[in-house]
Every structure is written in structure tokens, then in C-alpha cells.
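Encoded as C-alpha cells, the structure appears first; notes follow it.
The values are calculated or read from the model by the stated rules, or taken from the named source; none is laboratory data. Note that the coordinates shown come from a computational prediction; the quantities given were computed from them, not determined experimentally. With ideal geometry, Cβ positions are generated from the backbone for all residues, glycine too; neighbour counts draw on all protein chains shown.
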Amino acid sequence: MSNQGIFDSFETKTGVSIHVRSLTPQDAPFLVDLFENMGTDSRYNRFLQPADNVDMDRVWSEAEHIAQEFSEDSYGLVALVDRPEREGMPAGAARYVKISPLRAEIAVSVRDDMQNMGIGTNLLQRLIIHAAENGIEQLHGTVQNSNTAMWAMLSKLGHRLERQSEGSYSVITIHIRDSASRLEDWLDAAADFSPEPQIIW
């Protein structure tokens, strides 16, 4: 693979080299490829609704919108892998979009045949570093309660995690810039009041 645009690499748990770079306006085909290589369960977990019969024109439109949405309020990463049949195959993607000066929403996707290899965790860790460097204190997302892979990934991040159950899914908040005093206040509140929202470490 050419090193153009690659700013980081890592090895998966199985020894596969993954290259990571920022999302660019030319990456819509990568996002479509990623979508096409996500199965029924992966799509449902990512979009919180069935997505097997989505019109491909709509998929392309959404991919182009995401790839071309360059601003100070959003940032994305793509993970690429070299295979004998194809160089630079998209393996995963992660992105945040600011919803306020200190808060952003996150999303992570990994193709089915490369899940459970640590790719999503690595992308999210890099996304958290970028968000913290740009003044963001909280990352928000929505996770299916049955999505055990995502919950396992979130537990490895090393940041305080809140979970507010909403039926079959939970709204999560990752606190990435907790001060010591703020963390102590949250722990006191968790001990004194309702167990919801749950605090997960």
C-alpha cells in the first residue's frame, strides 16, 4: 500500500496489519464497500433498524454526504487492510460529529469478516484522542443491549462510561476529560441516588 495519507498502523490480535488515516471527501466508495460487507446483524446494530433492503442510491448519497462533510465539528477515520486480491480494502470506519462545543456523537463500523480483531477498539481509541485534543469532554452513542461486541469494546477504553437503558438499547456517554473533582462528584451521586444511569468502568 502507498503511504500517502497513512498516519498510523497497528496489528490486530491475529497479526494482520491495519493502516489508519483520516476520512477524506474521496472515501464515499470505501464507506459503501464497508456497508456492503456488513451482514444483517451488523447493520441492525449500527443503524438500530433493519437495513437489508436499503436502496443503493440512498446508500451512496449518505456515504457521499459523510465523506464530504468537512468542518471543525466532525472528524472521521478509516481503517484499511492489504489483501492479496486487493490493496487498501476498507476494514472499518469511525466518526464523531459535535452536537455542542463539549459534546459529540460517535459511530463505529467494522466489516463482518474482520470483527473481533480489535479494529473497532483501536479506531475508537484514536477518535477519543482526537476529540480530547479538540476540547470535547463527552462522546455519546446508542448501543443495542444485545450487542455484546460493542459492550466489550467500550469496557476496554479506560474512560468513565454512563449507560442509560431505553428498552432494547442504551444511550451511552463516554467521559473523556474528567477532572478529579468532577469524578468524585459523580461517584458520590452514584452512591447516594438511583442506580440509573449506571456507571460502568
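Among the residues making up the stretch 96-109, those that are at pLDDT 90 or above, part of a strand (DSSP E or B) and not β-branched (V, I, T) are Y96, K98, S100, R103, A104, E105. Of the residues making up the stretch 17-37, those that are modelled with pLDDT of 85 or more, aliphatic (A, V, I, L, M) and under 14 Å from G120 (Cα atoms) are I18, V20. In the stretch 65-75, is there at least one residue being small (G, A, S), under 18 Å from S42 (Cβ atoms) and either at pLDDT 90 or above or crowded, with 19+ Cβ neighbours inside 10 Å (or both)? Checked against the condition, which is being small (G, A, S), under 18 Å from S42 (Cβ atoms) and either at pLDDT 90 or above or crowded, with 19+ Cβ neighbours inside 10 Å (or both), the stretch 65-75 yields no hits at all.
Here A94 meets the list (1) surrounded by fewer than 19 Cβ atoms within 10 Å (Cβ to Cβ); (2) touching a strand residue (DSSP E or B) at 6+ places or on another chain (Cβ under 6 Å) almost entirely, failing just condition (1). With G88, G92 as the choices, which residue is touching a helix residue (DSSP H, G or I) at 6+ places or on another chain (Cβ under 8 Å), closer than 26 Å to T14 by Cα and of a type outside the set (S, T, N, Q)? None of the other options fit; the residue is G92. Of the listed requirements (1) exposed (fewer than 14 other Cβ atoms within 10 Å of the Cβ); (2) at pLDDT 75 or above, T40 misses just one: (2). Report whether or not M89 is surrounded by 11 or more Cβ atoms within 10 Å (Cβ to Cβ), modelled with pLDDT under 80 and either farther than 23 Å from Y169 by Cβ or among the hydrophobic types (A, V, I, L, M, F, W, C) (or both). Against the criterion (surrounded by 11 or more Cβ atoms within 10 Å (Cβ to Cβ), modelled with pLDDT under 80 and either farther than 23 Å from Y169 by Cβ or among the hydrophobic types (A, V, I, L, M, F, W, C) (or both)), M89 does not qualify.
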